[in-house]
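As structure tokens, the structure follows; a few thoughts come after it.
The values are calculated or read from the model by the stated rules, or taken from the named source; none is laboratory data. This structure is a prediction, so every number in the text was calculated from the model and none was measured. For neighbour counting, all protein chains shown are included, and Cβ atoms are generated from backbone atoms with ideal geometry for every residue, glycine included. The protein model used for the area step is the full one, side chains on, heavy atoms only, and it has no ligands, DNA or RNA in it. Shrake-Rupley method; radii C 1.70, N 1.55, O 1.52, S 1.80 Å.
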There are 2 protein chains.
Amino acid sequence: MARTSGSHAKITGPKIQEAAQRLFARHGYAAVSMRQIATEVGVQVGALYNYTPDKQTLLVGLMTSHLEELLSAWGQEGAVATAAARLEQFTRFHIRFHKERPDAVFIAYMELRNLTPKNFETVEVLRRRYEGALEEILRSGVTEGAFAIADTKVATMGIIAMLTGLNTWFREDGRLSFDEVEDLYWGIVRNSVGLAG
Amino acid sequence: MARTSGSHAKITGPKIQEAAQRLFARHGYAAVSMRQIATEVGVQVGALYNYTPDKQTLLVGLMTSHLEELLSAWGQEGAVATAAARLEQFTRFHIRFHKERPDAVFIAYMELRNLTPKNFETVEVLRRRYEGALEEILRSGVTEGAFAIADTKVATMGIIAMLTGLNTWFREDGRLSFDEVEDLYWGIVRNSVGLAG
DNA sequence: TAGAAATAAGAACAATTGTTCAATTCCTGA
DNA sequence: TCAGGAATTGAACAATTGTTCTTATTTCTA
């Protein structure tokens, strides 16, 4: 056999990324073989190497494209007046964006140790840029006198960890709807920066 | 060769656990081979199987003993009067306990997907018991009228995620000392439950 | 419609994987 | 001191790993 009928890079390429993302998230990068990915795509393992030079590149590609999407989506949020409104906007944006991409989020946090140093740095630059967006909000809120925050960098890390942690426990069929949880999280964040209810 | 001079289970046993913990945390469970562990211990791979029936048991053993230590240590904290004081006690305890065991914490959070279903359930029971400890504090604070919390379960997950997240960014040689960060985190937690500064 | 480019199959590679087991040596208690 | 249990080696197993390469077929372009 050789090239199969109907095969096309525009189709196989995305399929490979989706399969890799799903499998890496489910079992972990190291535990997933190239053959498993190929099987999921419906292709033989050799074909994968028309799309990636190696397994590592597949991983770092998933991470960077996720973080770039994240930054791009945040950049497209509309402008709001006060720091408090901006913080609410960020909180709800973060929660919603991450909820829609559990696999990508999982990989971006869990597989950092499987990156080569150079790839790790690339990913970290993107992540820090996103953290910087929140910190800027917190700083402007302190300047406005609206927030009571002792250290904006520490608050940034605390808030992001809290928001991202939602992915680890929220279940669609649980006690609360997602909208309810979103409101509750915003309530906690609002409190945490010293905003009046 | 065979039994080596000076060899003893009381020594090799802990050494294996320490090596496995260090390596699993650094590279991930799936990425670490039994031979790497053996090399780290200074032993041949066959010897490991005097101490564990298989690799999976090594992993689940690390997780459960970490969580049991955590629960035991929390159980030994002294009694305090108010819910607010108890929450401060929990916050500082959690941060300090986790700071001392970065490898164990990392594994307990990152390697859940490598557990068999039965082992996963065992670990989850322990984790839920710990989460329950915090939720009980929050509930009693609400009863006292000291805390303003809309949903204690959600607040529990949010606070624990925030506190545990500290491990991912704190560096001993960073801008702030650990004691400073501990105080800052307590300030955020205090705010988040609506306690007056 | 012919030739070129794109796409995939399938076999092959050496290296590594978790686990088992007999053989061998050391250590301890009586 | 010596027997028996404890501890380890070292070899072996089949299965799986990431990657490369040649070959074959399909699709695209002119």
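For chain B, set up a GNM with springs between Cα atoms under 10 Å and report which of B:Arg35, B:Arg139, B:Arg22 has the largest fluctuation.
The residue that fluctuates most here is B:Arg35.
How many angstrom separate the Cα center of the range A:136-197 from the Cα center of the range A:12-64?
35
How far is B:Asp54 from the same spot in each other copy, in nm, shortest first, if each label point sits 7 Å from Cα toward Cβ?
B:Asp54 label point versus its equivalents elsewhere: 3.1 nm.
In a Gaussian network model over chain A where Cα atoms closer than 10 Å are linked, find which of A:Asn50, A:Asn167, A:Asn114 has the largest mean-square fluctuation.
The residue with the greatest mean-square fluctuation here is A:Asn50.
Quick one: with label points 7 Å out along Cα→Cβ, list the inter-copy distances for A:Leu176 in nm, shortest first?
2.5
Given a 1.4 Å probe and no ligands, DNA or RNA in the count, how much accessible surface is buried by B and A, both sides, to the nearest 100 Å²?
2500
Ignoring any ligand, DNA or RNA, what whole percent of the accessible area of the range B:1-52 comes from carbon and sulfur when the probe is 1.4 angstrom?
Carbon plus sulfur share of accessible area: 50 percent.
Counting every Cα pair in the range A:54-192, what percent are over 27 Å apart?
Cα-Cα pairs of the range A:54-192 separated by over 27 Å account for 24 percent.
Run the helix sum for chain A: -39,500 (n - 2.57) per DSSP H stretch of 4+ residues, divided by residue count, reported at 222 nm to the nearest 500 deg cm²/dmol.
The helix-only estimate for chain A comes to -23500 deg cm²/dmol at 222 nm.
What share of all Cα pairs of the protein assembly as shown, in percent, falls into each consecutive 10 Å distance bin?
Here the calculated profile for the protein assembly as shown is 4, 20, 28, 25, 15, 6, 1, 0.
Could you please put B:Thr156, B:Thr39 in sequence from largest to smallest accessible area, using a 1.4 Å probe?
Result, largest first: B:Thr39, B:Thr156.
For chain A, with only Lys/Arg (+1) and Asp/Glu (-1) charged at the beta-carbon, what is the dipole magnitude about the Cα centre, in debye rounded to 20?
My answer is approximately 640 debye.
When the distances between all Cα atoms of the range B:1-52 are binned every 10 Å from zero, what whole-number percent does each bin get?
25, 57, 15, 2
With springs only between Cα atoms under 10 Å apart, run a GNM on chain A and tell me which of A:His66, A:His27, A:His98 wobbles the most.
Greatest mean-square fluctuation among the candidates belongs to A:His27.
Where only protein heavy atoms count, and the probe is 1.4 Å, what is the accessible area per residue for chain B in Å²?
In whole numbers, chain B has 50 Å² accessible per residue.
Rounded to the nearest 0.05, what FRET efficiency do A:Asp179 and A:Ser5 have when you use their Cβ-Cβ distance and R0 = 51 Å?
0.65
For A:His27, place a label point 7 Å from Cα along the Cα-to-Cβ direction in every copy; what are the distances to the other copies, in nm, shortest first?
Copy-to-copy label distances at A:His27, shortest first: 1.9 nm.
Starting from 0.36 nm per residue, how many nanometres of slack lie between B:Ser140 and B:Glu121 once their C-alpha separation is accounted for?
In short, 4.0 nm is gained.
Lys/Arg Cβ at +1, Asp/Glu Cβ at -1, dipole of the range A:54-192 taken about the Cα centre: which of A:Gly165, A:Phe90, A:Met110 is farthest positive-ward?
A:Met110
Net charge around A:Asp183, counting only other residues with Cβ within less than 10 Å of its Cβ (Lys, Arg = +1; Asp, Glu = -1)?
Result for the local shell: -3.
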